[in-house]
1. So which residues in the range 361-395 are in a loop (DSSP other than H, G, I, E, B) and surrounded by 17 or more Cβ atoms within 10 Å (Cβ to Cβ)?
2. Just to be sure I understand, how many residues within the range 144-175 are among the small types (Gly, Ala, Ser) and modelled with pLDDT under 90?
3. Are any of the residues in the range 337-346 crowded, with 20+ Cβ neighbours inside 10 Å and over 19 Å from Ala169 (Cβ atoms)?
4. For the range 195-212, check the following and say yes or no: at least one residue is part of a helix (DSSP H, G or I), touching a helix residue (DSSP H, G or I) at 6+ places or on another chain (Cβ under 7 Å) and closer than 22 Å to Val287 by Cβ.
5. Does at least one position in the range 159-168 carry a residue that is in contact with an Asp or Glu (Cβ under 7 Å, 6 or more places away or on another chain), part of a helix (DSSP H, G or I) and in contact (Cβ under 8 Å) with a residue 60 or more places away in the chain?
6. Filter the range 115-141 down to residues that are of a type in the set (Asp, Glu) and buried (at least 20 other Cβ atoms within 10 Å of the Cβ), then give me how many there are.
7. Under 6 Å by Cβ, and 6 or more places apart or on different chains, what pairs join a residue from the range 321-350 that is in contact (Cβ under 8 Å) with a residue 12 or more places away in the chain with one that is assigned to a helix (DSSP H, G or I) and of a type in the set (S, T, N, Q)?
8. Can you tell me how many residues within the range 266-276 are at pLDDT 75 or above and under 18 Å from Val210 (Cα atoms)?
Amino acid sequence: MSFGGQPAAGFASAFDRPAAYAPPAPQAPSPAPAMPALVLPVRKGRTVSVWVFGVLAFVLIALIAYFAMFIGTGASVMGLLLALVPLGIVLLGVRLIDRWEPEPKSMIIFALGWGAVVSVGIALLVDLLFALSVGPRSAVFSGVIQAPIVEEIAKGFGVFLIYLIGRRAFDGPVDGVVYGALVGAGFAFTENIQYFGVSLLAGGAGELTVTFIMRGLVSPFAHAMFTALTGFAIGLVARRSASAGQALGAASIGAIGAILLHAYWNGSSLLGDFIVLYITTQVPLFVGFILAIIALRREEARLTRQRLGEYAAAGWFTPQEVTMLATPAGRKAGLQWASGLRGDRRGLMRSFIRDAAALAAVRQRAITGRDPHAAADEYALLTSTRATRAQLLAY
């Protein structure tokens, strides 16, 4: 199926693929004598190098110097404290989206770091170059043209890098939305520090309060929503083991959508009655975004249940366990049951659920043939789920 096309005939959705691959029989081969007792999934393609974080730290130092020089330490600190509020709101929303099959922590930190540090640095650098070469620009040009194009390209490139670095942790549209939203949240956090600090210096507490309400409470998800479009586009082709070129093409399409939405969002506050446009268009857009996320989550749950059902057919899980592991109601019931066991075993149940969701994702990657480490991960996760089940049922 080409990007943006229709599902292949015979499959329920664009996310399904022919299942030529079969899960192993329950009698898994014993590990070789040299293999340690604890088998872990392969980390390659799911982590970020420490050197990359070193580069982020270097750019962060430059940003701190910029804020201290142009805004001042006091205003910067106040802006930072206030910027934590909308950041917390967005992270809570992303957490709700990402609960089904959580992304690796290093990838999450990198996504936030890219948005908060590198994307902002690129936007500031381009703004400086414009100021030196073109001179003063109108608010309409800066807000409706320059900012959407520069910022969404900078943020979108970060999501594309996440796909290249952590391809084995980028399984589909939901992951793309999560990574895009995290990059957008990081960008908004740093941008808010600047806006809040400048408002405090320019108009005191009164202007700061208005800016905080408008940016921190009325529209905290704006940047997250813009860049989530780019992530969603990459996630669609990630299902099909997209090459770097295909992923870049999808990112370009998604970025166009993000630029247009960003430009419209900014333009509504500059070119018309913001309150009217906010209620009549921006709120419906946000509601539509939420409904799309719910639909994607349901599709992910359906796919998880289907893949775990294939392991159940091979004898690894019972049908009742599949229902417990692959439905929201089943997970809730499983956790409630585990809480009544000796010693409160909800922690073990969470591990059981988490490993089962990861196993379903691994099988999907094995089916598409896009993960050379799928067999090793599958063995590790099957071993882990079997051991966790034994601990749950132990007396």
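1. Quick first cut of the range 361-395, residues in a loop (DSSP other than H, G, I, E, B) only: 369-373, 394-395.
Those that are in a loop (DSSP other than H, G, I, E, B) and surrounded by 17 or more Cβ atoms within 10 Å (Cβ to Cβ): Arg370, Asp371, His373.
2. First pass over the range 144-175, keeping only residues among the small types (Gly, Ala, Ser): 147, 154, 156, 158, 166, 169, 172.
Okay, now just the ones that are also modelled with pLDDT under 90, so 166, 169, 172.
Result for the range 144-175: 3.
3. Residues of the range 337-346 that are crowded, with 20+ Cβ neighbours inside 10 Å, as a first pass: 345.
Of the ones still in play, those that are also over 19 Å from Ala169 (Cβ atoms) are 345.
Looking through the range 337-346, at least one residue is crowded, with 20+ Cβ neighbours inside 10 Å and over 19 Å from Ala169 (Cβ atoms).
4. No, the range 195-212 has no match at all.
5. Step one: filter the range 159-168 for residues in contact with an Asp or Glu (Cβ under 7 Å, 6 or more places away or on another chain), giving 168.
Subsequent filtering for residues that are part of a helix (DSSP H, G or I) retains 168.
Narrowing the set further to residues that are in contact (Cβ under 8 Å) with a residue 60 or more places away in the chain leaves 168.
Yes: one or more hits.
6. Step one: list which residues in the range 115-141 are of a type in the set (Asp, Glu), which gives 127.
Adding the requirement that they be buried (at least 20 other Cβ atoms within 10 Å of the Cβ) leaves none.
Of the residues in that region, 0 qualify.
7. Close Cβ pairs (under 6 Å, with a partner that is assigned to a helix (DSSP H, G or I) and of a type in the set (S, T, N, Q)) amount to Ala326/Thr304; Leu348/Thr388; Leu348/Gln391.
8. First, the residues of the range 266-276 that are at pLDDT 75 or above: 266-270, 275-276.
Next, from what is left, pick out any that are under 18 Å from Val210 (Cα atoms): 266, 268-270, 275-276.
Adding up the residues that qualify gives 6.
The values are calculated or read from the model by the stated rules, or taken from the named source; none is laboratory data. Not measured: the values here are computed from a predicted model. Cβ sites come from the backbone with ideal geometry, for glycine too, and all protein chains shown count toward neighbours.
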